[in-house]
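The values are calculated or read from the model by the stated rules, or taken from the named source; none is laboratory data. The structure displayed is predicted, hence computed values, not measured ones. Cβ sites come from the backbone with ideal geometry, for glycine too, and all protein chains shown count toward neighbours. Side chains are part of the model used for accessible areas, which takes the heavy atoms of the whole protein and leaves out ligands, DNA and RNA. Shrake-Rupley method; radii C 1.70, N 1.55, O 1.52, S 1.80 Å.
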Amino acid sequence: MSLARRIIPCLDVRDGQVVKGVRFRDHQVVGDIVELAARYRDAGADELVFYDITASPQQRSVDVSWVERVSAVLDIPFCVAGGIRSLATADTILRAGADKISINSPALQNPDLINQLADEFGRQCVVIGIDSILADGHWQLRHNTGDPEHMIDSQRLTLDWLVEVQQRGAGEIVLNCMDADGVRSGYDLVQLAAARKLCQVPLIASGGAGTREHFDQVFCQADVDGALAASVFHKAVLAIPELKQWLHQQGHSVRTLTPTTDSH
Amino acid sequence: MSASTKPLQVVIIDSGGYNIGSVMAALQRLRVQAVLSNDGATIEAASHVILPGVGHAATAMRKLKAAGLDRLIPALKQPVLGICLGLQLLYEHSAEGNTQCLGILPGAVSKLHGSTDLRTPHMGWNRLQWPAESALQQQLPNPAWMYFVHSYAAPINHCTVASVSHGVAFTALAQRDNFLAAQFHPERSAQAGAALFSHFLSL
């Protein structure tokens, strides 16, 4: 395959600032959105995802002013998630400069929304986020995961939903394996490999990155198109240029930074 | 080099696509303030014209026809840059909605067929390949990684300047006379994309 494996820092946004929690709890402020976006752009991130984690539980959609500010400084693609539950909200966010929108809880509450978004904006804009947890021996969905008090057991199996969202028009899937999230013990390779077998659209791994070997493993063993991570980058456990250099040495196709010809 | 003697007047054709703001921002980073318009006289007076595009081929062609731009664009003499759907509209036909397009570039755009091994849309960063020596190649970083997002693709023919592989090879950059077209999104392709815009603006 000649597409580069994507390295995707995920910035959880709450009240206009980037935050990070462990297993979806205890959020700490890690910095300003535009400042962090620019830093990751310069480090060679292939794409950024911004999750407004307060949006879905509080039944509100994202404030788009920061989307415009981010779009003006970024020369790499970015995706916005959180509380997008209508065509009008999606339109506003895409118009503000986001390349993609990601929906999670609203898609579970109203699956037809996926079809409507794909018809209106094209499936390449429509990312479906899936929060999955192992329970009773099956991978099952959870939604409204931004706030533990509002979390709902959706009674759906992850892999069934993965197939359905593709039929409905998902252009990309981010599978967040909640058992692994935030603890940096590695991606859920078994679940991601199972998902990969059912996925004809790009699949992005989320949850569990802690070392450079975890990225190598998830590309080799689960064949995902991209790997999303948050704390490992926010806390500078791994630097993206060195990570990509190492992945390149391991034989992965990654986008290497090119020296700028600009002299000023 | 008209760029050094005459002020740039870049017009982005208002095709209704969602990447217009991103294209404008990319030009602003190069200190160029572009104008958004679908007015024929404004477009004809431009030094450089950009046809952006995200969306459906049939919808985009309907909008161009409604503004009379389906006849105006092929007659333009200044440098014109098509981006993504804007490239596909320059060909004769697109399988997306079985749409007659502008016919500036020869050939027909067809759908990319996906599988679990070959995912579609073709989404992400991919490297340009150069079938022949090209002046443009010298203007871009090597390797030139560009960001692609699309489900339809144009064939390789004598107008192809650079190609890209995703299961099959297809056109990534095409050129004919004053028309240049990119299947990827230079506005989201970091330094390599900015270099493409710089090259276009120097034409």
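Can you give the relative contact order of the stretch B:10-202 as a percent, counting alpha carbon pairs under 8 Å and 6+ residues apart?
RCO, the stretch B:10-202: 19 percent.
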Candidates B:Val49, B:Val161, B:Val149, ranked by Gaussian network fluctuation over chain B, Cα under 10 Å, top entry = B:Val149
A:Ser2 label point, 7 Å along Cα→Cβ, cut-off 18 Å on backbone N: hits in the stretch B:105-133?
-> B:110-115, B:117-133
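How would you classify the stretch B:75-139 from its alpha-carbon gyration tensor, with a ≥ b ≥ c the square roots of the eigenvalues: rounded for a/c under 1.5, else prolate if a/b is greater than b/c, otherwise oblate? Could you put the intermediate results ahead of the total?
Values: a/c = 2.33, a/b = 1.12, b/c = 2.08.
Taking the square roots of the gyration eigenvalues as a ≥ b ≥ c, the stretch B:75-139 is oblate.
Shape call for the stretch A:214-261 from the C-alpha gyration tensor, a ≥ b ≥ c root eigenvalues: rounded (a/c under 1.5), prolate (a/b greater than b/c) or oblate?
Values: a/c = 2.01, a/b = 1.14, b/c = 1.77.
Verdict is oblate for the stretch A:214-261.
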Highest-MSF residue in chain A out of A:Gly129, A:Gly83, A:Gly44 [GNM, Cα springs under 10 Å] = A:Gly44
Once the whole set of protein chains is in place, how much accessible area is left on A:His138, using a 1.4 Å probe, in Å² to the nearest 10?
-> 100 Å²
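Per residue of chain A, what 222 nm ellipticity follows from adding -39500 (n - 2.57) for every DSSP H run with n ≥ 4, rounded to the nearest 500? Kindly include the intermediate steps, with their values, before the conclusion.
Values: 10 runs with 88 residues, N = 264.
Rounded to the nearest 500, it is -9500 deg cm²/dmol.
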Taking all pairs of different Cα atoms in the stretch A:179-264, averaging 1/r and flipping that mean, what Kirkwood radius in angstroms comes out?
-> 13.7 Å
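Using a Förster distance of 41 Å, how high is the FRET efficiency between B:Ala95 and A:Gln245, based on the Cβ-Cβ distance and rounded to 0.05?
Numbers: r = 40 Å, r/R0 = 0.99.
The computed FRET efficiency comes out at 0.50.
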Gyration tensor (alpha-carbon) shape descriptor, chain B, a/c threshold 1.5 | oblate
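Could you check how many percent of all C-alpha pairs in the protein assembly as shown are farther apart than 38 Å?
Considering the protein assembly as shown, 20 percent of its Cα-Cα pairs are separated by more than 38 Å.
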Ignoring everything but the protein chains, give the 1.4 Å probe accessible area of B:Glu44 in square angstrom, nearest 10.
-> 120 Å²
At A:Ala135 and B:Gln175, where each label point lies 7 Å from the Cα along Cα→Cβ, what is the point-to-point distance in nanometres?
-> 5.8 nm
If you rank B:Arg188, B:Arg62 by how much accessible surface each has, with a 1.4 Å probe, what is the order from largest down?
-> B:Arg62, B:Arg188
Quote the accessible area belonging to A:Leu134 in square angstrom, nearest 10, computed with a 1.4 Å probe and with ligands, DNA and RNA left uncounted.
-> 100 Å²
Suppose every K and R has +1 on its Cβ and every D and E has -1 on its Cβ; what is the size of the dipole of the protein assembly as shown about the Cα centre, in Debye to the nearest 20?
-> 760 debye
For the pair A:Val163 and B:His158, how long in nm is the line joining their label points, each one 7 Å along Cα→Cβ?
-> 5.0 nm
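Contact order normalised by length for chain A, with contacts defined as Cα pairs under 8 Å and 6 or more residues apart; what percent is it? Walk me through the numbers on the way to the answer.
Numbers: 550 pairs, mean separation 48.4, N = 264.
That works out to 18 percent.
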HN-Hα J in Hz across the stretch A:103-120 - Karplus 6.51, -1.76, 1.60, θ = phi - 60°, x for Gly and Pro | 10, 10, 4, x, 5, 6, 6, 9, x, 4, 4, 4, 4, 5, 5, 5, 5, 6
With the charge dipole of chain A built from beta-carbon charges (+1 for Lys and Arg, -1 for Asp and Glu) about the Cα centre, the Cα from A:Gly122, A:Val30, A:Gln249 projecting farthest to the positive end belongs to A:Gln249
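I want the antiparallel fraction of DSSP beta bridges within the stretch B:10-202, as a percent rounded to 5. Present the calculation step by step, with values, prior to reporting the outcome.
Details: 21 of 36 bridges.
Bridges in the stretch B:10-202 are about 60 percent antiparallel.
Subtract the Cα-Cα distance of A:Gln116 and A:Leu87 from 0.36 nm times their separation in residues, and report this length gain in nm to one decimal.
On the way: separation 29, 0.36 × 29 = 10.44 nm, distance 0.75 nm.
Roughly 9.7 nm would be gained on extension.
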Based on Cβ point charges of +1 for Lys and Arg and -1 for Asp and Glu, what charge dipole magnitude is obtained for the stretch B:10-202 about its Cα centre, in debye rounded to the nearest 20?
-> 200 debye
Given springs between every Cα pair under 10 Å in a Gaussian network model of chain B, which of B:Ala25, B:Ala75, B:Ala174 has the largest fluctuation?
-> B:Ala75
Can you tell me the FRET efficiency between B:Thr42 and A:Ala72 if r is taken as the Cβ-Cβ distance and R0 is 25 Å, rounded to the nearest 0.05?
-> 0.55
